[in-house]
Amino acid sequence: MSDQNPVFIPGPTNIPDRLRRAMMVQTQDHRAPDFVETFAPVLEKSKAVFGTTDGTVITFPASGTGGWEAAISNTLSPGDKVLIARYGMFSHRWIDLCQRHGLDVEVIETPWGQGAPAARFEERLTADKAQAIKAVLVTHNETATGVKSDIAAVRAAMDAAGHPALLLVDAVSSLASMPFEMDAWGVDICVSGSQKGFMLATGMAILAVSPKALAAMESAKLHRTFFDFRDMMKANATGGFPYTPPLQLIYGLRESLAMLEEEGLENVYARHTHLAEGVRQAVRAWGLRLVAEMPDLYSDTVSAIYVPDGLDSNALTDHAFHRYGVSFGIGLGEMNGKAFRIGHLGSLTEPMVLSGLATIEMAMADLGYPIRLGTGVAASQEHFRTAHTLPAQSAA
């Protein structure tokens with residue numbers, strides 16, 4: 001029966017039955033005339049989630065990593081300099097990807113638990129008088145540390161420096177769960193994926209691309225074939241795909257966008273904040289500490305939590321899985337063995353979150369953690385009972 005338990009990892013997320021049914025379709029002809037009627041509206045309606053009217057939405061059969069590769073290979077040339085801060089496992093992986101593509105990567109080392117260092121970006125961009133830096137890369141929500149970065153502040157820093165670099169943002173674990181304002185923040189490419197806030201199976205990279213980034217595409221010299229924006233956009237213009245599309249995911253995305261619209265994006269964001277605060281209240285009651293160093297950095301999709309000194313966070317997540325059949329996020333990179341993660345995004349409700357908190361409490365008690373059963377759950381219950389930030393749940 002353990003496959004009925006929800007997962008509490010920061011993606012892939014729990015898939016609502018409504019979306020599973022939407023994806024459970026028979027093979028269809030993606031070159032038939034009616035595919036246009038399915039696919040074109042999906043691309044157009046996705047823009048609202050990105051917060052753009054000017055951007056172009058482009059999808060690829062891939063995970064978020066494929067989206068990263070598409071973002072750089074369509075806008076940059078071998079040897080181009082890019083600026084990026086390393087403050088978690090996923091910013092680190094984007095650095096590695098850029099280096100493997102022959103880019104000149106300038107890294108600003110930043111303590112894990114902090115966010116994108118806007119002031120340091122401004123300082124470095126101001127000093128770049130030759131404007132050699134072609135792009136600034138930022139991870140909006142660092143999944144390894146539970147840290148949310150201020151993209152608007154990064155844009156303000158770039159503007160203050162008067163620098164024309166592109167702004168490329170990884171929003172894989174934040175889009176459709178936390179506010180994202182692509183146009184207002186001056187983002188040139190936003191990278192996301194199907195398996196997080198969209199609540200679908202893994203397999204679709206979803207990007208929004210600004211007119212400035214599309215202009216950069218014309219002179220970019222990095223090799224690309226599968227991830228070529230030009231091929232995809234040419235096919236998309238007539239409602240098609242340059243190769244076989246992930247049809248089931250496209251049907252799923254159509255239904256996911258309908259669900260997000262029905263709930264209302266502002267309500268979606270409020271729900272994530274509300275559930276995240278319930279988790280944070282539990283962490284405080286346990287006497288444990290978040291990796292994110294201050295409240296304005298707290299992610300609303302994942303909380304990374306330090307375990308007490310001398311204890312192994314991997315042993316905790318392993319025990320929770322083997323004893324109770326529930327998955328929590330392991331510590332990644334510098335957090336390996338030091339912190340575990342509770343994902344609270346996508347298809348989740350207050351009762352589901354409470355079940356996860358109760359489970360990890362039992363696992364901690366089993367392993368001798370200095371906590372008292374029920375303290376975290378009670379703190380979260382009190383928050384959920386009294387915060388009144390969500391509409392009443394229907395019994396339907």
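Calculated from the structure, Cα Rg over 2.2 N^0.38 Å equals which of (1) 0.99; (2) 1.26; (3) 1.12? Matching the structure shown: (1).
Under the criterion of Cα pairs below 8 Å and six or more residues apart, the relative contact order for the chain equals 23 percent. The largest accessible area among His30, His223 belongs to the first residue in His223, His30, and the rest follow in falling order (1.4 Å probe, all chains). For the stretch 36-53, backbone phi angles converted through the Karplus equation (6.51, -1.76, 1.60; θ = phi - 60°) give residue-by-residue couplings of 4, 5, 7, 7, 4, x, 4, 4, 5, 6, 5, 4, 4, 5, 6, x, 9, 10 Hz, Gly and Pro being listed as x. The 3J(HN,Hα) values that the Karplus relation (6.51, -1.76, 1.60; θ = phi - 60°) gives for the stretch 59-74 are, in residue order, 10, 9, x, 5, 8, x, 4, x, x, 4, 4, 4, 4, 7, 6, 8 Hz. Gly and Pro appear as x. Computed from backbone phi, the HN-Hα couplings of the stretch 225-234 come to 10, 4, 9, 6, 4, 4, 4, 5, 5, 4 Hz, rounded to whole numbers (Karplus: 6.51 cos²θ - 1.76 cosθ + 1.60, θ = phi - 60°; Gly and Pro given as x).
The amide H of Arg289, built 1.01 Å from its N in the peptide plane, has Tyr306 as neighbours under 5 Å, considering only residues 5 or more places off or on other chains. A protection proxy built from the mean count of other Cβ atoms within 10 Å ranks the segments 179-187, 355-363, most packed first, as 355-363, 179-187.
Only protein heavy atoms count here; on that basis, with a 1.4 Å probe, Leu265 has an accessible area of about 40 Å².
Taking 0.36 nm per residue of separation and subtracting the current Cα-Cα distance, fully stretching the chain between Thr225 and Ala387 would add 53.3 nm. With K and R counted +1 and D and E -1, the other residues having a Cβ less than 9 Å from that of Tyr298 yield a net charge of -1.
Compute the distance from the alpha-carbon center of the stretch 157-206 to that of the stretch 12-86, in whole Å. Result: 12 Å between the Cα centres. For the stretch 22-113, applying the loop criterion from DSSP together with a ceiling of 12 other beta carbons within 10 Å to the trypsin sites (Lys or Arg not before Pro) yields Arg31. Of Met23, Met364, the order by accessible heavy-atom surface (1.4 Å probe, DNA, RNA and ligands excluded), from most exposed downward, is Met23, Met364. With all protein chains present, how much of the accessible area of the chain (probe radius 1.4 Å) comes from carbon and sulfur, to the nearest whole percent? Summing carbon and sulfur atoms, their accessible area is 53 percent of the total for the chain. Based on protein heavy atoms only, the chain ends up with 41 Å² per residue of surface accessible to a 1.4 Å probe. Dividing the summed -39500 (n - 2.57) terms of all DSSP H runs of n ≥ 4 by the residue count of the chain sets its mean residue ellipticity at 222 nm at -13000 deg cm²/dmol. Using R0 = 35 Å, the C-beta based FRET efficiency linking Thr126 and Thr53 works out to 0.70. A cut-off under 12 angstrom between Cβ atoms defines the neighbours of Ala118, and their net charge, with Lys, Arg +1 and Asp, Glu -1, is -1.
Sites listed here are GluC sites (Glu not before Pro) in the stretch 240-295 whose DSSP assignment is loop and whose Cβ has at most 16 other Cβ atoms within 10 Å: Glu293.
The values are calculated or read from the model by the stated rules, or taken from the named source; none is laboratory data. None of these values were measured; they are calculated from a predicted model. No Cβ is skipped: glycine too gets one built from the backbone with ideal geometry, and neighbour counts run over all protein chains shown. Accessible surface is based on the protein model in full, side chains and every heavy atom, while ligands, DNA and RNA are left aside. Shrake-Rupley method; radii C 1.70, N 1.55, O 1.52, S 1.80 Å.
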